[in-house]
Amino acid sequence: MGILLYELVHGRAPFTGVHPREISDKIMRGQIRFKPGLSNEYKDLVNKILIYECNERLPLIKVFDHPWVKNFEKKYNLTKTPKNASKGKKKDKADMKQTKPQHNQSENNR
């Protein structure tokens, strides 16, 4: 997820090198270069989810509570549930049943 987020913002992979060993070394050291002008919150999130040791890495469930994600949701007016969703109303079988489309009289005379 961290690599994808980095690539979406930068247009390239976070770890590059001439040889696979060079790339592997950069991954293990966590050597990441960011474009100038990016927020500290973005850099913090990417750094936390690109930690080499998986038990030290930010868990996926906590990514969505990170300040950068929260600010992104707020900035672009994103919500987790649709605004026009009915609150707490479950559809019963009658609501889910599809009805046959109604045709007007002129269509029947064709």
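The values are calculated or read from the model by the stated rules, or taken from the named source; none is laboratory data. In this text the structure is predicted, and so the values were computed from the model without any measurement. No Cβ is skipped: glycine too gets one built from the backbone with ideal geometry, and neighbour counts run over all protein chains shown.
Couple of notes before you dig in:
- Inclusion of LEU8 among residues that are assigned to a helix (DSSP H, G or I) and surrounded by 10 or more Cβ atoms within 10 Å (Cβ to Cβ) is not warranted.
- Of all residues in segment 9-33, those that are of a type in the set (A, V, I, L, M, F, W, C) and under 20 Å from PRO59 (Cα atoms) total 3.
- Output for segment 27-77, where each listed residue is of a type in the set (Phe, Trp, Tyr) and modelled with pLDDT of 95 or more: PHE34, TYR42, TRP68
- LEU38 within 16 Å of the chain's Cα centre (by Cα) and of a type outside the set (Phe, Trp, Tyr): no
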